[in-house]
Amino acid sequence: MRLSLKKAIALIKQEEVVAVPTETVYGLAGSIRSQKALEKIFALKQRPSNNPLITHLSSADEILVFVKELPPGFDALAKAFWPGPLTLVVPVIEEALPTIVRAGLKTAAFRVPQNLLAMGLIQMAGPIVMPSANLSGRPSSTEPSHVESDFGEEFPVLDGGVCLKGVESTVLIFQADQWHIGRLGAISPEMIGEILGYLPITPKLSKKQPLCPGQLYRHYAPSATLYLEKEQINESACIIGFHERTYPNHRPLILLGSLNKPEEVAQNLYKALRELDEQAIKSAWIDMDFPKEGLWNTIRERILKAAG
Ligand code: TXA
Ligand code: MG
């Protein structure tokens, strides 16, 4: 069910959960003041309770009611990237934010989205949490039909068309005097480095103790088997690749975009993965021969996770 902004605001105020567009991906929005909505979000997504949520604010100042002091670099990062696809994890006053949002941690994640519908909703209904609007494990949703495919045609969706970035926000965590990458995302470590004066630390992925609890779980995965090795191209029922390249042409080809436009590839990535299931394609080979820098590293990480 597609909603107007007015109706979405009313539903959030009535403690309901609605899907909302952001510049990254669609989110499942609920008020941080509604225990009922917060519990419903975890249930709908089948999300493990030890995976905390991001609180979305309409301006950086709103964070002040949740924290005692902000880490060095916070102001510069917020000034450079908010509103926008950067999530900052900082120590919080525990009583200021429901336990379920923090998953019991002493820190919490915040971002100010730049999408005008999301912004309008927060201005009128107050801070909201928004995990990506997909069933846990599935590719995130970058258009309303993706949300409806996971949660049903009747699920309330504020329709903002196709998301601009197509991949989630970058999560930065302040720990031991430095900012660390908790999750690669729409803003590259290189861009963050320019603001901080040093490259944020990219920790080796630890299965036991990842910086973001969410990194523990399988993600972004279609039902189809994904092949990534060059030699496996002949084993697959479909090819996912780039405009500039030619591929064996006897099977369906899904194009991600141009090798000169990582922004375009990021925007199309989840749609391509979802298309495999929509068309009941059993397996796909993905062309992994692309640059090892900037947004490409986010794209590579998402594909590796999707392939399990
Ligand atoms: O782009 C986005 O960030 C989207 C849109 C809707 O805003 N939201 C999103 O939320 O991707 P979600 O819940 O799918 O991912 C949030 C990530 C998870 O990996 C979670 O573990 C991590 O942020 N996170 C949240 N709070 C944290 C905390 N206190 N410490 C470490 N990681 C945290
Ligand atoms: Mg997610």
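The values are calculated or read from the model by the stated rules, or taken from the named source; none is laboratory data. Note that the structure is a prediction, hence the values are computed from the model and not measured. Here the Cβ is made from the backbone with ideal geometry for all residues, glycine too, and neighbour counts use every protein chain on show. Calculation scope for accessible area: heavy atoms of the full protein, side chains included, ligands and nucleic acids excluded. Shrake-Rupley method; radii C 1.70, N 1.55, O 1.52, S 1.80 Å.
Projecting the Cα atoms of Gly241, Leu196, Gly182 onto the dipole axis of the range 154-251, where Lys and Arg carry +1 and Asp and Glu carry -1 at the beta carbon, places Gly182 farthest toward the positive end. Averaged over its residues, the chain has an accessible area of 45 Å² per residue, based on protein heavy atoms and a 1.4 Å probe.
The ratio of the alpha-carbon radius of gyration of the range 211-294 to the globular-protein estimate 2.2 N^0.38 Å is 1.13. Computed over the range 138-203, the P(r) tail beyond 20 angstrom holds 45 percent of alpha carbon pairs. Put simply, the C-alpha atoms of the chain give a gyration tensor, and the ellipsoid matching it has half-axes of 31, 23, 17 Å, longest first. Taking every alpha-carbon pair in the range 82-227 and binning the separations at 5 Å intervals from zero gives 2, 8, 15, 19, 21, 18, 11, 5, 1, 0 percent. The Asp289 and Glu154 beta-carbon pair, evaluated with R₀ = 45 Å, returns a calculated FRET efficiency of approximately 0.60. Compared with the alpha-carbon gap, the fully stretched path from Leu253 to Glu95 is longer by 51.7 nm at 0.36 nm per residue. Calculated mean residue ellipticity, 222 nm, the chain: -8500 deg cm²/dmol, from DSSP H runs (n ≥ 4) at -39500 (n - 2.57) each, averaged per residue and rounded to 500. Positive-end ranking of Asn51, Thr142, Leu304 along the dipole of the chain, with charges on Cβ about the Cα centre, is headed by Asn51. Under a Gaussian network description of the chain, with springs only between Cα atoms under 10 Å, the residue in Leu199, Leu226, Leu88 that fluctuates furthest is Leu199. Carbon-plus-sulfur accessible fraction, the range 227-284 (probe radius 1.4 Å, protein heavy atoms only): 48%. On C-alpha positions alone, give me the angle between the axis of helix 262-278 and the longest principal axis of the chain, in degrees, nearest 10. Here the helix axis deviates by roughly 70 degrees. With 0.36 nm allotted per residue and the present C-alpha distance subtracted, the Tyr198-Ala76 stretch has 42.6 nm of extension available. Normalised by residue count, the range 163-232 yields a Cα convex hull volume of 155 Å³ per residue.
Rg/Rh for the range 1-88 stands at 0.99; both radii use Cα atoms, and Rh follows the Kirkwood definition.
Computed from Cα atoms, the angle from the helix 35-45 axis to the main principal axis of the chain rounds to 10 degrees.
Within the same chain, lysines fewer than 8 places from Lys292 are excluded, and of the rest, those with a Cα less than 22 Å from its Cα are Lys165, Lys204, Lys230, Lys261, Lys305.
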